[in-house]
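Colleague: The structure follows.
The values are calculated or read from the model by the stated rules, or taken from the named source; none is laboratory data. Nothing here was measured: the structure is a model prediction, and the numbers come from that model. Note that we place each Cβ from the backbone using ideal geometry, even for glycine, and neighbour counts take in every protein chain shown. To get the accessible areas, we keep the full protein, side chains included, count just its heavy atoms, and leave off ligands, DNA and RNA. Shrake-Rupley method; radii C 1.70, N 1.55, O 1.52, S 1.80 Å.
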Amino acid sequence: MRWTTESAPRSTIRRPVARLAAAAALALAVTACGGGGGGGDAPADAAAGGEDTIVMGFSQVGAESGWRTANTKSVNDAAAEAGIELKFSDAQQKQENQIKAIRSFIQQRVDVIAFSPVVESGWDTVLMEAKRANIPVILTDRAVDSADTSLYATFLGSDFVEEGKKAGQWLLEQPESSAGPVNIVELQGTTGSAPAIDRQEGFAEVIAGNPNLKVIASQTGDFTRSGGKQVMEAFLKAHPDIDVLYAHNDDMGLGAIEAIEAAGKVPGQDIKIITVDAVKDGMQALADGKINFIVECNPLLGGQLMDLAKKVVAGEQIPPRVVTEETTFDQAAAKEALPTRQY
């Protein structure tokens, strides 16, 4: 069907360290995403604290998107602000690199390990090694599918299934969804990753209620702008009748916009676009009308992560799941939010 061009309406595991008293005191400190700390370097006052300084080993997925860059900066800045020594490792989107980094952190006897898993499965062995070493683990941003929840202290991050549901609900509410067949293509995130699995699941669950809405093609773009462009080019060649694009992150959506424009179509009009993240570039495209709806996924987890790390090292009880608060944006909301957007 042809879409109208009118814009639519919107973790207790604790390492028994000798410095318990100092760590407990640290747990009371205020944390925030602040000014200019860099990865792995402790601030001068923390270094002066010597053995009293909490040491965190952090393994990041990589730098595949604007969201991930903002997330990394938030973790680095918050660690510096909180006086936590950060040992940072970039996995470059490879699980074997993360496992190697976690084992290195265990050998270094860090106080706490945090990581954002590249994929959901295959973590039990290395997490059991951390548990046997009495080093607590905090999952950030992404979950693991282990049945043994004692292998990690808590999971801090978004509800990816809910994000997919929000995307599907917006589509259900559009008048075109009840007027006739709607052909949808889906740009998935990294295969096997929690956000890709869950965002697909949530979206599919919601649109299943409307027989007019049909996903005619779904393929991974690996959360990258170049991947989104390449896959969208293939979608356009195979399916000339695409009505809607659902991209699991802004970067893939932005890459897809390039492909859509190169094909002589108007993004946001000829093909409606729904994305997840709400980074600045995506929000600008939404404000410009090239994206129609964005579901927020907040990358600024650093402050919460450092607070949880202090508490778990001090032996305090923390919840097994900490969900970040997020919203959604249409064009008007994007224009209003952009001037003060932090990422």
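Colleague: Which ones in region 110-125 are touching a strand residue (DSSP E or B) at 6+ places or on another chain (Cβ under 8 Å) and open to solvent by 10 Å² or more (accessible area, probe 1.4 Å)? Walk me through how you get there before you give the answer.
Modeller: Filtering region 110-125 for residues touching a strand residue (DSSP E or B) at 6+ places or on another chain (Cβ under 8 Å) gives 110-117.
The answer is none; no residue qualifies.
Colleague: Determine whether ASN134 is part of a loop (DSSP other than H, G, I, E, B), surrounded by fewer than 20 Cβ atoms within 10 Å (Cβ to Cβ) and in the same structural domain as VAL312 (by TED's automatic domain parsing).
Modeller: yes
Colleague: Answer yes if at least one residue in region 169-176 is at pLDDT below 95, in a helix (DSSP H, G or I) and either under 30 Å from LYS272 (Cα atoms) or open to solvent by 30 Å² or more (accessible area, probe 1.4 Å) (or both), and no otherwise. Reasoning before the result, please.
Modeller: Restricting attention to region 169-176, the residues satisfying the condition of being at pLDDT below 95 are 175-176.
From what is left, the residues that are in a helix (DSSP H, G or I) are 175-176.
Pick out the ones that are also either under 30 Å from LYS272 (Cα atoms) or open to solvent by 30 Å² or more (accessible area, probe 1.4 Å) (or both) and you get 175-176.
The answer is yes, given that some residue of region 169-176 is at pLDDT below 95, in a helix (DSSP H, G or I) and either under 30 Å from LYS272 (Cα atoms) or open to solvent by 30 Å² or more (accessible area, probe 1.4 Å) (or both).
Colleague: So which residues in region 212-260 are within 25 Å of LYS166 (Cβ to Cβ) and of a type in the set (S, T, N, Q), if there are any at all?
Modeller: The answer is ASN212, SER218, GLN219, THR220, THR224, ASN249.
A quick yes/no check of all residues on (1) farther than 19 Å from PHE293 by Cα; (2) outside the structural domain of SER178 (by TED's automatic domain parsing); (3) surrounded by 18 or more Cβ atoms within 10 Å (Cβ to Cβ):
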site	(1), (2), (3)
LEU213	no, no, yes
GLN219	yes, no, no
VAL231	yes, no, yes
LEU236	yes, no, yes
HIS239	yes, no, no
ASN249	no, no, yes
ALA262	yes, no, no
LYS272	no, no, yes
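Colleague: Then there is this: How many residues, within region 301-343, are farther than 30 Å from ASP281 by Cα, open to solvent by 10 Å² or more (accessible area, probe 1.4 Å) and part of a helix (DSSP H, G or I)?
Modeller: 2
Colleague: Would you mind stating whether VAL276 is touching a Phe, Trp or Tyr at 6+ places or on another chain (Cβ under 9 Å) and of a type outside the set (D, E, K, R)? Spell out how you get there, then give the answer.
Modeller: Working: touching a Phe, Trp or Tyr at 6+ places or on another chain (Cβ under 9 Å): yes; of a type outside the set (D, E, K, R): yes.
Yes: the conditions hold for VAL276.
Colleague: Looking at ASP222, ASP198, ASP281, can you tell me which residue is modelled with pLDDT of 95 or more and in a loop (DSSP other than H, G, I, E, B)?
Modeller: Just one listed residue meets the conditions, ASP222.
Colleague: Any idea how many residues of region 74-102 are polar (S, T, N, Q) and buried (at least 22 other Cβ atoms within 10 Å of the Cβ)? Talk me through it step by step, then tell me what you get.
Modeller: Taking region 74-102 and keeping what is polar (S, T, N, Q), we get 74, 76, 89, 92-93, 95, 97-98.
From what is left, the residues that are buried (at least 22 other Cβ atoms within 10 Å of the Cβ) are 74, 76, 98.
Residues meeting the conditions: 3.
Colleague: Return the pair list, or none, for Cβ contacts closer than 8 Å from residues in region 234-249 that are more than 23 Å from GLY168 (Cβ to Cβ) to residues that are open to solvent by 50 Å² or more (accessible area, probe 1.4 Å) and among the polar types (S, T, N, Q), at least 6 apart or on different chains.
Modeller: ALA234/GLN219
Colleague: Quick check: anything in region 180-194 over 18 Å from LYS272 (Cα atoms), buried (at least 22 other Cβ atoms within 10 Å of the Cβ) and of a type in the set (A, V, I, L, M)?
Modeller: Narrowing region 180-194 to residues over 18 Å from LYS272 (Cα atoms): 189-194.
Subset that is buried (at least 22 other Cβ atoms within 10 Å of the Cβ): 189-190, 193-194.
Next, only the ones that are of a type in the set (A, V, I, L, M) stay: 194.
Yes; the residues of region 180-194 include at least one that is over 18 Å from LYS272 (Cα atoms), buried (at least 22 other Cβ atoms within 10 Å of the Cβ) and of a type in the set (A, V, I, L, M).
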